[in-house]
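Comments concern the structure below.
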Protein chains: 2
Amino acid sequence: MDYKQMMRQICMQAKEAANSLMSLTPETKNKVLLSTADILLEEKESIIEANKIDLESGRGKNLSKAMLDRLELNEKRLKEMADALKQVAQLEDPVGEIFDVRVRPNGLQIGRMRVPIGVIGIIYEARPNVTIDAAALCLKSGNAVILRGGSEAINSNNKLAEIFSSGCKENNVHPYAVQLIPIPDRQMVSEMLQMDKFIDLIIPRGGKSLIEKVVSESLIPVIKHYDGNCFVYVDESADLKMATDIVINAKTQRPGVCNAMETLLVHKSVAKEFLPHCAEELRNRGVEIRACPIAKIFAPFAKDATEEDWSTEYLDLILAVKVIENFDEAVNFINRYGSHHTDAIVTRDYERAHQFLRKIDSACVLINCSTRFSDGGEFGLGAEIGISTDKLHARGPMALKELTTAKFIVLGSGQIRT
Amino acid sequence: MDYKQMMRQICMQAKEAANSLMSLTPETKNKVLLSTADILLEEKESIIEANKIDLESGRGKNLSKAMLDRLELNEKRLKEMADALKQVAQLEDPVGEIFDVRVRPNGLQIGRMRVPIGVIGIIYEARPNVTIDAAALCLKSGNAVILRGGSEAINSNNKLAEIFSSGCKENNVHPYAVQLIPIPDRQMVSEMLQMDKFIDLIIPRGGKSLIEKVVSESLIPVIKHYDGNCFVYVDESADLKMATDIVINAKTQRPGVCNAMETLLVHKSVAKEFLPHCAEELRNRGVEIRACPIAKIFAPFAKDATEEDWSTEYLDLILAVKVIENFDEAVNFINRYGSHHTDAIVTRDYERAHQFLRKIDSACVLINCSTRFSDGGEFGLGAEIGISTDKLHARGPMALKELTTAKFIVLGSGQIRT
């Protein structure tokens, strides 16, 4: 069987599973998640065994230390994966909700019903925990999922997908609800992206080049999760103590994640009072500052920022700092150089706050708090499959609701159109 | 200037316009729509003049009578276009709405704010009225639009787009809010579909081959409006008088549109009582019936249906009819052969109605009424830009709300993450 045929086979199985998942009760879906959590812990030794093969071969390929760390599974991590499954089981089931109901003059009742999307394809890199997390969210939202993990994790992923399927079988749920593409060849991804007759949505999780490749090849709608070049703007009216706390938190609390701050803009009229102390505090926490010429006056130890710094996501203890002339410049600068992910203002001025909300073209726009809150869990949405930097269907933290669609339902009593 | 540069120029202008449209008041946008309606009527002679050039050249190219009819503008049609503008002005402005607000334990108020999408590209065929309709809906929802109409209507479209820009200028609204690609070469469409840095959404309006071409080339998200192969299923428990009325209405009230019925499924236990009379009534109204062997017993004058008939959108007085064994077969048949646009059941059975709503995988699922209601106006949503057969972002009638997106807004008072 060639790759195209194999992919088609996987897709037809997924479609069949999707048809049956559509009308599962919340109870059954939760049982699958809890069973899978149990099996995951029972099978921990064989999972760690499979993972060792991947780690071994990763070392042979000279994978970086960071990549090997992401690839590694151990008892603690398996426990976390099982806990994540239990948490998803506790979330509210989005499927079947009826909303926006209106009654028309002719008596028709017209509303919308939330239903699964159908078949979702997820393409990700070498993090085996994504296999379980993504499968759990797709199953809970009633979708069949086709997973394509990084080739470096193929043995771990095969084992984990198999365990999820056992959780399905144990509860008489369609065994193809979760499938992993068993062949790591990239050609299989290309075949997958042509299957628009079967797959309804592709979510690529990974670096920019992976996402761009997927977008250019795919006939299927793609929801993109690009990087987070997040800004904090300290306005002239800001409470400067609050601004310092927010800047330090947004930069240093966890610098390696997409909602960490990467660039700080400071209004010129508060630069002198704000920057020397704030920059010193950042330096004390090991942050390297790259400053514009004016900012450098107040942080003489800083390096010179280049044009490239304004659009760079460091994911590290590095911060670009710029002093700006006025509010409008700040807005234009963020919309131009930011990545439309998460941006914050610190201000006491009502009109500024209001304008910032309206004018910043980003998925999450924050007033007087740390960018680190930009997260499905912190927003109270439950687990997320990613933070969408797209504008369509899902924007910002993408949780269970965004893994569903809604159809119009019309309840009549014999109406015809005249 | 080559095509790529020209397209880039148009896109940069659109982006600039989008930034300023974002924060227009509803009042200003409505004034633009009303001004444009006035100018449209004042300029009717020069519009009809421009349209004559297109008609002339269309006749030279031997366009079909139907195409020439769609292309033609006259006083009555211009009046209708002006009325459509006034109607859009009366619709509620979707921009700025704040919803789904929740307060987190740490005091953060998290909600979503409805905002324009940005720049929308619309690709359509030779119907000049789409120029005004699409521009009106995009402006009302705060989006800049780049229009690419069929080459046969280029003179009419240029004139209409110019009039819309005059309506903008008269109210100090950015003149590039509405732009028409002035060169009918298809290469310009290809360039447009690469402009994912500027254009946020592409909506192709036209035949299947146009949409497929757009999907395969585009780096920009596309919302597809495929055809409507709509089904009516007459269940064994149906009120047969009601079923006859609905079938006749769905097939004959306006057969040339996407929400007209194309295939009728009848449960075997009511075929004998229902079909002879219903088929006769259809025949009396000039409908050609293409029947399965069993249906033919009850409508002997029918032609034989082929496999192809079940998935054909006739847009004409032709109806495919099939007698089916049971409810599940009906559901599977519709999900397999239908186009996931609009499907209806006629039944008195609660459980059947409920299952039909859940299991039919279509944008609009109807109980006991005509498929002809599947329409933004009839649904009470106001004017629509099309009926999406996609599942993401917009599904079913796509009105003003679907021309917006929502960003998360977070109102804090100094919160940092611990």
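The values are calculated or read from the model by the stated rules, or taken from the named source; none is laboratory data. Quick caveat, the model's predicted, so the values are computed rather than measured. Positions of Cβ are generated from backbone atoms using ideal geometry, with glycine treated the same way; all protein chains shown enter the neighbour counts.
Summary table
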read-out	value
All positions within region A:241-262 that are β-branched (Val, Ile, Thr) and modelled with pLDDT under 95	A:VAL257
Residue count for region B:93-138, restricted to those that are in contact (Cβ under 8 Å) with a residue 24 or more places away in the chain and either part of a loop (DSSP other than H, G, I, E, B) or of a type in the set (A, V, I, L, M) (or both)	25
Residue within region A:381-403 that is within 30 Å of B:TYR233 (Cα to Cα) and not basic (Lys, Arg) present	yes
Residue in region A:230-247 that is more than 8 Å from chain B (Cβ to nearest Cβ), under 16 Å from the mean Cα position of the chain (by Cα) and touching a residue at least 12 places away in the same chain (Cβ under 8 Å) present	yes
Positions within region B:27-57 being polar (S, T, N, Q) and over 26 Å from the mean Cα position of the chain (by Cα), in sequence order	B:THR28, B:SER46, B:SER57
Filtered residues of region B:45-79 (kept if surrounded by fewer than 16 Cβ atoms within 10 Å (Cβ to Cβ) and touching a Leu at 6+ places or on another chain (Cβ under 8 Å))	B:ARG59, B:LYS79
Residues being assigned to a strand (DSSP E or B) and not hydrophobic (A, V, I, L, M, F, W, C) - total across region A:354-411	8
Yes/no for A:ALA89 being outside any strand (DSSP E or B) and closer than 29 Å to A:MET12 by Cα	yes
Filtered residues of region B:173-193 (kept if of a type in the set (S, T, N, Q) and either modelled with pLDDT under 95 or more than 26 Å from B:ALA399 (Cα to Cα) (or both))	B:GLN187, B:SER190
Region A:382-418 - residue that is of a type in the set (S, T, N, Q) and at the interface with chain B (Cβ under 10 Å from one of its Cβ atoms) and, of those, farthest from B:ASP375 (Cα to Cα)	A:THR404
Sole exception among (1) basic (Lys, Arg); (2) under 24 Å from A:SER388 (Cα atoms); (3) in a strand (DSSP E or B) for A:ARG336, by number	(3)
Options B:ASN157, B:ASN143; residue that is closer than 26 Å to B:LYS15 by Cα, within 14 Å of another protein chain (Cβ to nearest Cβ) and at pLDDT 95 or above	B:ASN143
Selection within region A:246-278 - surrounded by fewer than 23 Cβ atoms within 10 Å (Cβ to Cβ) and hydrophobic (A, V, I, L, M, F, W, C)	A:ILE248, A:VAL257, A:CYS258, A:VAL270, A:ALA271
Elements of type helices (runs of 4 or more DSSP H) in region B:147-259, at least 2 residues being farther than 30 Å from B:ARG352 by Cβ and out of contact with any strand residue (DSSP E or B) (no Cβ under 6 Å at 6 or more places or on another chain)	B:154-170, B:186-192, B:208-217
Residue within region B:336-349 that is β-branched (Val, Ile, Thr) and under 15 Å from the mean Cα position of the chain (by Cα) present	yes
Hits in region B:65-86 - residues which are in a helix (DSSP H, G or I), hydrophobic (A, V, I, L, M, F, W, C) and in contact (Cβ under 8 Å) with a residue 40 or more places away in the chain	B:MET67, B:LEU71, B:MET81, B:ALA82, B:ALA84, B:LEU85
Close pairs from region B:292-320: first without any contact (Cβ under 8 Å) to a residue 12 or more places away in the chain, partner not in a helix (DSSP H, G or I), Cβ under 6 Å, at least 6 apart	B:LYS296/B:ALA302
Count - residues of region A:340-381 that are more than 8 Å from chain B (Cβ to nearest Cβ), within 27 Å of A:THR131 (Cβ to Cβ) and surrounded by fewer than 21 Cβ atoms within 10 Å (Cβ to Cβ)	3
When residues of region B:148-196 are limited to those that are closer than 24 Å to B:ARG114 by Cβ and aliphatic (A, V, I, L, M), the one surrounded by the fewest Cβ atoms within 10 Å (Cβ to Cβ)	B:VAL173
Top-ranked residue of region B:86-133 - restricted to ones that are of a type in the set (Asp, Glu) and away from chain A (no Cβ under 14 Å), ranked as surrounded by the most Cβ atoms within 10 Å (Cβ to Cβ)	B:ASP133
Subset tally (residues that are of a type outside the set (Phe, Trp, Tyr) and either crowded, with 20+ Cβ neighbours inside 10 Å or in a loop (DSSP other than H, G, I, E, B) (or both)) for region A:293-320	15
Among the residues listed as A:ASP343, A:ASP361, the single one being closer than 21 Å to B:ILE110 by Cβ, acidic (Asp, Glu) and in contact (Cβ under 8 Å) with a residue 60 or more places away in the chain	A:ASP343
Failed item, numbered, when B:ASN62 is tested on (1) over 28 Å from B:LEU400 (Cα atoms); (2) in contact (Cβ under 8 Å) with a residue 24 or more places away in the chain; (3) assigned to a loop (DSSP other than H, G, I, E, B)	(2)
Given (1) farther than 28 Å from B:MET192 by Cβ; (2) in contact with a strand residue (DSSP E or B) (Cβ under 7 Å, 6 or more places away or on another chain), number of the condition B:LEU21 does not satisfy	(1)
Selection status of A:SER269, hydroxyl-bearing (Ser, Thr, Tyr) and either closer than 19 Å to A:SER370 by Cα or not assigned by TED's automatic domain parsing to the domain that holds A:GLU351 (or both)	no
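Yes or no, residue by residue, for (1) out of contact with any strand residue (DSSP E or B) (no Cβ under 7 Å at 6 or more places or on another chain); (2) under 17 Å from A:ASN229 (Cβ atoms):
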position	(1), (2)
A:ARG348	yes, no
A:ALA363	no, yes
A:GLU378	yes, no
A:ILE385	no, no
A:THR405	no, no
A:GLN415	no, no
A:THR418	yes, no
